[in-house]
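Here's the structure we're looking at; comments come further down.
The values are calculated or read from the model by the stated rules, or taken from the named source; none is laboratory data. Just so you know, these numbers come straight off a predicted model, no measurement behind them. So basically every Cβ, Gly included, is an ideal-geometry build from the backbone, and we count neighbours across all protein chains shown. All accessible areas refer to the heavy atoms of the entire protein, side chains included, with ligands and DNA or RNA removed. Shrake-Rupley method; radii C 1.70, N 1.55, O 1.52, S 1.80 Å.
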Amino acid sequence: MPEGPSVKRFQLRCSPFVGQTVTKVGGHTRQMNPDDLKSLTLWDTQIHGKNVFLAFGTIQEVVPCCGNASPGPSECRPPVPETATRGDNSLLLRMEGDAHQPQCHLLEEPEVNELPLLTDNAARQPRKWLRFHFGLYGSIRANEFARASKANKRGDWRDPIPRLILHFSSGGFLVFYNCRIYQCSSPTAQPATDILNPEFDREQALEALCKATPVCYTLLDQRHFSGLGNIIKNEVLYLAKIHPLSLGSLLPPSALKSLVDHAIQFSLEWLNSKLHGCGLHPQIYGKDKCPMGHEVMKGAFGPVDGLKRLTWWCRQCQLEVLPEEIHSI
Ligand SMILES: [Zn+2]
């Protein structure tokens, strides 16, 4: 399943189409009727953790910033990259800037009590929000289709089948693969828990981590670390030199802080390397030896009532803190 950095890249592929109208649809899904999106305009794209949200509406609700049309009483905002306030992201900022092709920006969604002021019936229609949640090989591609990278078990080179294809007025198109599509009333974005969001709340994350629960369970809890997946979990535990099954309550605050810092840093670096077209070079995930040359252990860990996830760790680099060691200090 794609992790936060991959899903962020999917969202960035959708952003250039904001302000454009869907002219033709395709794909095979029973989760929605693609025809419902025909003639609608893509209003907005949002991301929360491993979900991309797209908002569609009628063309009357999009007002150009430049040109003859009056923007009316609502504010017309310049695009502000989400990562503008986050650390060393010059590449990301540059790429996002390039990606914002449309010269149209969206009106703020009207408050309910402002609706009577609108005279255009079309503008009263609510946004249609779709949530995309990706499976193991799920993706969004822009202006290209995925091609088979290897033959299937029967020896056929069959290209993946798109769930949804959206052709836009510019002539470009988006293709959605291996994802579940849900209609929803609004995006459930909570920036404070989104590992890639500049508003990610470190204090809240530390509170979640310091419980008497193995830290490798808490890191994968999307309520606290949305977008953090199994690869990031393994890598940041190694970087912070913490054993996956260490109870958060037994670790010193400095170790937990280091873990949160590594989680944010690693996720951003992974995103930036994706935007450069570079792959990930894990230090511990899927490895037999750690970078120090030690043998790597492997096990499936997860809560009693939850999913068990493969975990790699080094017994020498990531010492487990046991309760008796704490009492003897
Ligand atoms: Zn090691």
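Things to note:
- Filter result (β-branched (Val, Ile, Thr) and open to solvent by 10 Å² or more (accessible area, probe 1.4 Å)) within the range 219-240: 231
- Looking only at residues in the range 162-194 that are touching a Gly at 6+ places or on another chain (Cβ under 8 Å) and open to solvent by 40 Å² or more (accessible area, probe 1.4 Å), the one that is nearest to residue 52 (Cα to Cα) is 180.
- Of the helices (runs of 4 or more DSSP H) lying entirely inside the range 228-329, those containing at least 1 residues that are within 16 Å of the ligand (Cβ to nearest atom), under 30 Å from residue 13 (Cβ atoms) and of a type in the set (Asp, Glu) span 230-239.
- Subset of the range 281-310 (residues that are touching a helix residue (DSSP H, G or I) at 6+ places or on another chain (Cβ under 6 Å) and either surrounded by 16 or more Cβ atoms within 10 Å (Cβ to Cβ) or without any contact (Cβ under 8 Å) to a residue 40 or more places away in the chain (or both)): 283, 284, 285, 301, 309
- When we screen 258, 254 for residues that are closer than 13 Å to residue 215 by Cα and either at pLDDT 95 or above or not small (Gly, Ala, Ser) (or both), the only hit is 258.
- In the range 265-280, the residues that are over 25 Å from residue 297 (Cα atoms) and either surrounded by fewer than 19 Cβ atoms within 10 Å (Cβ to Cβ) or in contact with a helix residue (DSSP H, G or I) (Cβ under 7 Å, 6 or more places away or on another chain) (or both): 269, 271, 272, 273, 274, 275, 276, 277, 278
- Annotation: of all residues in the range 200-209 being closer than 10 Å to residue 257 by Cα and in contact (Cβ under 8 Å) with a residue 40 or more places away in the chain, the one that is most open to solvent (accessible area, probe 1.4 Å) is 202.
- Scanning the range 241-259 for residues that are buried (at least 22 other Cβ atoms within 10 Å of the Cβ) and under 23 Å from the mean Cα position of the chain (by Cα) turns up just one, 259.
- Filter pass, residue 202 being at pLDDT below 95, out of contact with any strand residue (DSSP E or B) (no Cβ under 6 Å at 6 or more places or on another chain) and of a type in the set (Lys, Arg): no
- Residue check: residue 197 meets all listed conditions (1) more than 15 Å from the ligand (Cβ to nearest atom); (2) open to solvent by 30 Å² or more (accessible area, probe 1.4 Å) but one, namely (2).
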